[in-house]
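Worksheet for the structure shown next.
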Amino acid sequence: MTLRLPDADGGLRTYEPRTEPLALTTGAPFTSRTVYSAAHVVADPFADVSPDSPAAVDWDATLAFRRHLWSHGLGVAEAMDTAQRGMGLEWAGAAELIRRSAAEAKAVGGRIACGVGTDQLTAGSTLAEVRVAYEEQLALVEASGARSILMASRALAAAATGPEDYLDVYGHLLRQSAEPVILHWLGPMFDPALEGYWGSCDLDAATDTFLEVIAAHPDKVEGIKVSLLDAGREIDIRRRLPQGVRCYTGDDFNYPELIAGDEKGFSHALLGIFDPLGPLAAEAVRVLDTGNVTGFRELLDPTVELSRHLFQTPTRFYKTGVVFLAWLAGHQSHFTMVGGLQSARSLPHFARAYELADGLGLFPDPKLAEERMRNLLALYGVSQ
């Protein structure tokens with residue numbers, strides 16, 4: 001059987017789906033790298049909601065997907081950008097997600113870290129209100145028993161007048177955190193409201209402020225996650241970190257080379273692309289655990305084309321492709337997203353994502369993926 005897939009030029013091309021998935025199994029815990037997948041949420045397709053309504057989450061399917069990631073040895077980075085924080089998932093929903101996922105992690109022995117932000121705030125918040133909002137979320141994550149990830153804050157970006165405000169707010173939070181945290185620098189390609197984070201649009205100046213925060217509190221920073229899609233800058237930051245502070249790559253364009261590293265070090269990983277790539281990424285890291293860098297790159301390098309496709313501009317809509325692939329892979333019964341975000345990408349985009357993922361062997365049941373893709377094409381009026 002073949003599929004007629006639309007292309008970016010408005011035409012149709014013929015594609016022959018593969019019939020066998022890549023043979024991937026669960027295995028031993030990783031020994032050379034710590035790896036988190038930033039996981040998506042599964043919407044409740046039967047909830048009578050609008051894009052402006054609070055998120056309606058299918059908790060059973062959402063937690064089942066996290067168990068899938070844990071079964072392959074991956075950690076879960078919860079309530080992050082991939083879970084649609086600020087793009088459909090409001091703070092009340094994120095808080096419930098953190099509580100439920102942290103409890104599930106304890107039950108199955110899974111690694112989990114959760115996002116701490118300020119998304120309960122409205123526009124025009126003061127720096128004092130930003131600190132209080134961060135404190136509220138930090139307390140909830142710490143009470144859940146999960147590691148905290150201090151995410152970039154739209155409210156802080158709007159309220160801060162310069163680097164000193166970032167130094168003050170982050171210093172306050174780090175001094176009171178019960179355990180070391182992961183600091184997250186999310187670039188404006190993921191969220192335009194974060195332009196000028198750390199007090200400057202000059203990335204060199206912003207980097208200096210970011211590193212100043214860490215240098216002042218190295219015992220309270222377990223690691224950093226850098227999501228700037230700039231491999232050279234990440235490597236520079238990585239080499240300037242205090243001893244013992246980890247770098248978790250958030251670069252969905254250059255992750256194989258950054259995780260493999262060089263003679264001066266390497267990055268761990270906290271990646272949205274490891275949501276759809278979970279089992280394959282886990283297999284690659286286990287190969288790396290043996291010291292086989294070539295084998296690691298042979299497995300992971302071919303996935304970069306898919307990742308760059310999903311994260312193409314506007315990058316913030318990559319979540320749509322992530323959830324689309326989870327539906328094709330059988331991890332959920334529908335392609336509905338909180339906030340109606342399933343409409344954020346075009347049919348040619350979906351077709352190319354399917355083709356690339358199928359070529360990699362990512363679908364456990366290729367026939368199911370083909371049937372679902374065929375149904376989506378029919379819904380858009382593409383006859384076969």
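The values are calculated or read from the model by the stated rules, or taken from the named source; none is laboratory data. Only a predicted model underlies this, so the values are computations on that prediction, with no experimental measurement involved. As a convention, Cβ positions derive from the backbone with ideal geometry for all residues, glycine included, and neighbour counts pool all protein chains shown. Side chains included, ligands, DNA and RNA excluded: accessible areas come from the protein's heavy atoms. Shrake-Rupley method; radii C 1.70, N 1.55, O 1.52, S 1.80 Å.
Tabulated data
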{"item": "All helices (runs of 4 or more DSSP H) inside segment 282-341 with 1 or more residues being acidic (Asp, Glu) and in contact (Cβ under 8 Å) with a residue 12 or more places away in the chain", "result": "304-310"}
{"item": "Residue under evaluation ARG372, criteria (1) more than 14 Å from ARG4 (Cα to Cα); (2) basic (Lys, Arg); (3) not in a loop (DSSP other than H, G, I, E, B), criterion not met", "result": "(1)"}
{"item": "Scope segment 103-124; condition of a type outside the set (Asp, Glu) and in contact with a Gly (Cβ under 6 Å, 6 or more places away or on another chain); matching residues", "result": "ARG111"}
{"item": "Among residues of segment 191-228, those that are open to solvent by less than 60 Å² (accessible area, probe 1.4 Å), out of contact with any Gly (no Cβ under 6 Å at 6 or more places or on another chain) and within 22 Å of GLU164 (Cβ to Cβ), counted", "result": "18"}
{"item": "Test result for SER383, over 26 Å from LEU300 (Cα atoms), at pLDDT below 95 and open to solvent by 30 Å² or more (accessible area, probe 1.4 Å)", "result": "yes"}
{"item": "Members of segment 327-373 that are among the charged types (D, E, K, R) and surrounded by fewer than 16 Cβ atoms within 10 Å (Cβ to Cβ)", "result": "ASP365, LYS367, GLU371"}
{"item": "Contacts under 6 angstrom Cβ, first residue in segment 247-260 being more than 13 Å from ARG33 (Cα to Cα), partner assigned to a loop (DSSP other than H, G, I, E, B) and open to solvent by 10 Å² or more (accessible area, probe 1.4 Å), 6 or more apart", "result": "ASP251/LEU229; PHE253/LEU229"}
{"item": "Residues of segment 192-247 satisfying the condition of being among the aromatic types (Phe, Trp, Tyr) and modelled with pLDDT under 95", "result": "none"}
{"item": "Of all residues making up segment 102-129, the number that are without any contact (Cβ under 8 Å) to a residue 60 or more places away in the chain and either among the aliphatic types (A, V, I, L, M) or in a helix (DSSP H, G or I) (or both)", "result": "13"}
{"item": "Candidate set: segment 281-296, residues that are closer than 23 Å to ALA39 by Cα and either touching an Asp or Glu at 6+ places or on another chain (Cβ under 7 Å) or among the charged types (D, E, K, R) (or both); chosen: the one least open to solvent (accessible area, probe 1.4 Å)", "result": "ARG286"}
{"item": "Odd one out for ARG147 among (1) in contact with a Lys or Arg (Cβ under 9 Å, 6 or more places away or on another chain); (2) open to solvent by less than 60 Å² (accessible area, probe 1.4 Å); (3) closer than 22 Å to ILE224 by Cβ", "result": "(2)"}
{"item": "Evaluation of LEU258 against (1) in a loop (DSSP other than H, G, I, E, B); (2) over 21 Å from LEU362 (Cα atoms) (one fails), failing number", "result": "(1)"}
{"item": "Unmet requirement for PRO188, which otherwise passes all of (1) open to solvent by less than 10 Å² (accessible area, probe 1.4 Å); (2) over 17 Å from TYR36 (Cβ atoms)", "result": "(1)"}
{"item": "Which listed residue, of ARG316, ARG239, ARG246, is basic (Lys, Arg), closer than 30 Å to LEU379 by Cα and open to solvent by 60 Å² or more (accessible area, probe 1.4 Å)", "result": "ARG316"}
